[in-house]
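Engineer: The structure under discussion is supplied below as structure tokens; questions concerning it will follow.
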Amino acid sequence: MGAVVRLLWQTVFLAIGQVWANKVRAVLTALGIIIGVASVISVISFLNAGRDWMLDQIDSQVGSRTMWIWGDVPDAQRGVMSWADVRVNTTEARLLLERAPSIEDLTPMCNRSWEIGYGKETVRGASVRGVWASWHDVESRQVVLGRPLSRIDNEERRHVCLINEVAIEELKLDVDPVGDYLLINGRRFLIIGVLETKESGGIFGGGQPRTELYIPFNTHKMMDPYSGTWFQANMVDAEQADETQAEVRFVLRTHRGLSGDDEDTFEMEIVASAIDFFNNFAMVITGGATVVVAISLFVGGIGIMNIMLVSVSERTREIGLRKAVGAQPPVVLMQFLVEAVVLCVIGGFVGLAFAFVLTLIPKAVPDFPLDEVPLSAVAVAIGMGFSALVGVVFGILPAIKAARLNPIDALRHE
Amino acid sequence: MNPASTPSDVTIDIRGMRKIYRVGDETVRALDGVDLTIRNNEFVAIMGASGSGKSTLMNILGCLDQPTTGRYVLNGKPTHKMGMSRLARVRNEEIGFIFQSFELLSRASSLKNVMLPMLYSRRHLFSARRRAKRALDLVGLADRMGHRPNQLSGGQRQRVAIARALVNEPSILLADEPTGNLDSKTTVEIIELFRRLHRQGQTIVIVTHEEDVAGHAERIVRLRDGKVISDAATDEDPIHRDWVRRMAEGRGSMVEVTDAEHELNAMADANKPGPEVRRGWFGKKRPAEGSTVLPGGDDESGAV
């Protein structure tokens, strides 16, 4: 065992010496490996950085723990079931808060476009949403002026509303409108607060900001009991999305008395699905990159095999001598295999260096969305692993050729 | 450095050895029934013209090749029954091989070259460097350990090769035309080194076609057409005695020496006129056979 380790050790040094003695040849030979490894590492690193960046974006916009739940008629029952039958309601909202521990917070929501009036100004088709007080936490939007909605506002069906800054602009309200009244669908509402404006942009584009009003959920239902309703919830842990969905499904199915074969009469959606979308996109890119990498590694491997065959034939006498002094065929095989692997791994390191340089480019480019592209450890491992694998796969044939050489013929070789 | 002590007195035992090649439809009998016994601590020269089978015999003795039929027992080990890997081990542990063209690794220092056989050995795992130094010291190259072959003279290179052959303490030292690439002065040095090793108990088998090199051996085995035609102590070998006589008479005369060569070849190979071209140093003025040799000290004897 000790002898094998020592032999391997010395063989590695011998191989490094070989490569060093033929630097230019080695670099040209390993070019395919260098390109392959550089592309593997940089593509994976960029995709990882892109996903992290996107998760950050989602977090800053809605929070990656966000989940939506709404009633839905299964396709098969479109004829016998109405939308009103499956609509989610506040009873279910309370049930979920009570029985689904993976739901941290939840608010029912409903939405309608109504006409808004203030003095002589009118805004048509403004979005008016009914929410619980917990909405402030679920969507993490606080007020910059006035007070947030409270549970009592909801329970007493008060005519109070929160507005955003765009509404102040469009309705030409006071700079501090708290305490003023405006008309929603002809009813008088007291403005109790102004909401902070969320930074828009990023992947959701944002677009033109619109007038938004938030009123207590029960007040909204009183004005229009038939408006579409859904829950917006925060999961305890975004990583546990599957478990959370299972819990919600169980609670709702139990409550709705659905038995084994019945289809769900509700739907849910999590922000994580946006990540799924990105993953699909990343998969396409990875697929394309894999083809490129596979081709360059294959071509690189052919180059390695070629140079190793040259190496075997130009060192035939040396092989003959090694055999004459007692090198057994497997030992000679290993020596040339190690040399091919060392050549490939050195190519891998050069490729790694190139990939590192590539990941520095975003810093140099102004306005590029990604600032830091850290080298992915997995990518480095894959790249190096593949380069070593190429060395083994394409080095085995020349190594076998060397191991099979007859010592007498090898020593006579010119 | 003493050779490994052998259980029996007989180091090499060859019986009925044949080596037959097929080249196309033709069958070449390179060795045709050779019997040979070499005892421990013998110094044997194998001689013969080109095509006599001496190289084939040497390759088989060195376990680089295997006989078609016949037995070859080396130091009690029946090598004719062995496969490639076991033969490689025998080469490593029992045989020190010296080549005409040295076969040193050009990129490696003398020390590394001498350490090469131990790289493939299970013994001497931790003593490789020490042993290599000792072997180089033995051949008088203690001060050339860090030199590469291209920084050494031909004689020094061959001595590195000898150190490499000795480093694993082989039971036999096989030299295939060890002085073929060397000038006269270096040849004398190398031969003296062989004699010294022999005095210390090393079994040596040397292939040569130079009578004066063979003259240092105890015994001369002559081959022709794959058969042993003569096997006698050096003093009793008729061809060698004749050669010594002619050398003594025709000392210094280029013509006579050349004539003697022709006759010798004719004697050795009666049916094949046209002898090999000999090395030039035969024509040089030199002392009578075996009288004196230069000490093996290391001086610059000119690059090859």
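Engineer: Work out the FRET efficiency for residue B:81 and residue B:185 from their Cβ-Cβ distance, taking R0 = 51 Å, and round it to the nearest 0.05. Don't jump to the answer; show the numbers that get you there.
Structural biologist: Numbers: r = 45 Å, r/R0 = 0.87.
Between residue B:81 and residue B:185 the formula returns 0.70.
Engineer: Using a 10 angstrom cutoff on alpha carbons, build the Gaussian network for chain A and name the most mobile of A:264, A:153, A:174.
Structural biologist: For chain A, modelled as a Gaussian network with Cα springs under 10 Å, the answer is A:174.
Engineer: Turning to a different aspect of this structure: When all alpha-carbon pairs of chain A are counted, what percent fall beyond 30 Å?
Structural biologist: Counting every Cα pair in chain A, those more than 30 Å apart make up 62 percent.
Engineer: Can I ask one more? Hey, any idea what % of the range A:66-270's accessible area is carbon plus sulfur with a 1.4 Å probe?
Structural biologist: Details: 4810 of 10470 Å².
Summing carbon and sulfur atoms, their accessible area is 46 percent of the total for the range A:66-270.
Engineer: Can you pull the three principal axis extents for the Cα set of the range A:270-403, in Å, largest first?
Structural biologist: Principal extents (Cα only, largest first): 69, 32, 21 Å.
Engineer: On to the next question. Counting protein heavy atoms only and a 1.4 angstrom probe, how many square angstrom of accessible surface do chains A and B bury in total, to the nearest 100?
Structural biologist: 2300
Engineer: Rank A:32, B:70, A:171 by how far each Cα sits towards the positive end of the charge dipole of the protein assembly as shown (+1 on Lys, Arg Cβ; -1 on Asp, Glu Cβ) and give me just the farthest.
Structural biologist: The one lying farthest along the dipole's positive direction is B:70.
Engineer: How big is the charge dipole of the range A:66-270 about its Cα centre, in debye rounded to the nearest 20, if each Lys and Arg gets +1 on its Cβ and each Asp and Glu gets -1 on its Cβ?
Structural biologist: Once rounded to the nearest 20, the dipole reads 1000 debye.
Engineer: For the protein assembly as shown, take the convex hull of the Cα atoms, compute a quarter of its surface area, and give me that in nm², please.
Structural biologist: On the way: hull surface 199.2 nm².
Projected over every direction and averaged, the Cα hull of the protein assembly as shown covers 49.8 nm².
Engineer: List the residues, sorted by chain then number, that are 5 or more residues from residue A:160 or on another chain and whose placed amide H is less than 5 Å from its amide H.
Structural biologist: Amide H neighbours of residue A:160, under 5 Å, 5+ apart: A:190.
Engineer: Put simply, what bits of the range A:304-328 lose 30 Å² or more of accessible area when the other protein chains are there, versus the chain on its own (1.4 Å probe)?
Structural biologist: Listed by number, the residues meeting the 30 Å² cut-off are A:317, A:318, A:321, A:322, A:324, A:325, A:326, A:328.
Engineer: Which of the residues in the range B:71-95 show a loss of at least 30 Å² in accessible area from their chain by itself to the complete set of protein chains, at a probe of 1.4 Å?
Structural biologist: The answer is B:84, B:85, B:88, B:91 - residues whose exposure falls by at least 30 Å² when every protein chain is included.
Engineer: On average, how much accessible surface per residue is there in the range A:365-414, in Å², for a 1.4 Å probe, leaving out ligands, DNA and RNA?
Structural biologist: Details: 2870 Å² over 50 residues.
Dividing the accessible area of the range A:365-414 by its residue count gives 57 Å².
Engineer: Right, here's the next one. Give the average, rounded to an integer, of partner chain Cβ atoms located within 10 angstrom of each Cβ in B:115-121.
Structural biologist: 6
Engineer: Taking residue A:221 as the anchor, which aspartates and glutamates have their alpha carbon closer than 15 Å to its alpha carbon, excluding any fewer than eight residues away along the same chain?
Structural biologist: Of all the aspartates and glutamates, those that pass the test against residue A:221 - Cα under 15 Å, at least 8 places apart if same chain - are A:153, A:155, A:156.
The values are calculated or read from the model by the stated rules, or taken from the named source; none is laboratory data. Bear in mind that the values here come from a model prediction, so they are computed numbers and not experimental data. Positions of Cβ are generated from backbone atoms using ideal geometry, with glycine treated the same way; all protein chains shown enter the neighbour counts. Surface areas here come from the heavy atoms of the whole protein model, side chains and all, with no ligands, DNA or RNA. Shrake-Rupley method; radii C 1.70, N 1.55, O 1.52, S 1.80 Å.
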